[in-house]
Amino acid sequence: MLMTRERRPATRTMRGWAIDVLQEAGAIRECEAHGWMQDRADPHARERAFDIARDDPPAGVSADAAAAEVHEVLNSIGDTCPECPPDLKDN
Ligand SMILES: [Zn+2]
């Protein structure tokens, strides 16, 4: 699998930043076929994402605001890809 590792530029939006953090923690993943983000429903990964957010918030953003953004993004992401047929879930 092709992995692209990108640094987090300071100019990203808060939402983009939060998605990066959630991916880094393994709390969400991208559908390989369609690119939609999917919630992996992993409580440990979520905890890790909040830890990362609080430890390393974007410049000028408080730890609480960063964690709140991660929470909001997590709420907005479904646990399935809207374009993947339900009978073709990954094995
Ligand atoms: Zn998909």
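The values are calculated or read from the model by the stated rules, or taken from the named source; none is laboratory data. From a predicted model like this one, the values you see are computed outputs, not experimental measurements. Cβ coordinates were reconstructed from backbone atoms using ideal geometry, including for glycine residues, and neighbour counts include every protein chain displayed. The area values use the complete protein model at the heavy-atom level, side chains included, leaving out ligands, DNA and RNA. Shrake-Rupley method; radii C 1.70, N 1.55, O 1.52, S 1.80 Å.
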**Request:** Of the conditions (1) modelled with pLDDT of 95 or more; (2) open to solvent by 50 Å² or more (accessible area, probe 1.4 Å); (3) of a type outside the set (Ser, Thr, Tyr), residue 39 clears all except one; give me its number.
**Result:** (2)
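Among the listed residues 79, 42, 55, identify the single one that is away from the ligand (no atom under 16 Å from the Cβ) and within 13 Å of the chain's Cα centre (by Cα). Walk me through how you get there before you give the answer.
On the way: 79 fails: away from the ligand (no atom under 16 Å from the Cβ); 55 fails: within 13 Å of the chain's Cα centre (by Cα).
Exactly one residue qualifies, and that residue is 42.
It is to be established whether one or more residues within the stretch 50-62 are in contact (Cβ under 8 Å) with a residue 40 or more places away in the chain and surrounded by 14 or more Cβ atoms within 10 Å (Cβ to Cβ). Before you say what the answer is, go through the steps one by one.
Initially, the stretch 50-62 is screened for residues in contact (Cβ under 8 Å) with a residue 40 or more places away in the chain, giving 58-59, 61.
In the following step, the residues that additionally are surrounded by 14 or more Cβ atoms within 10 Å (Cβ to Cβ) were identified as 58, 61.
Checked the stretch 50-62: at least one residue is in contact (Cβ under 8 Å) with a residue 40 or more places away in the chain and surrounded by 14 or more Cβ atoms within 10 Å (Cβ to Cβ).
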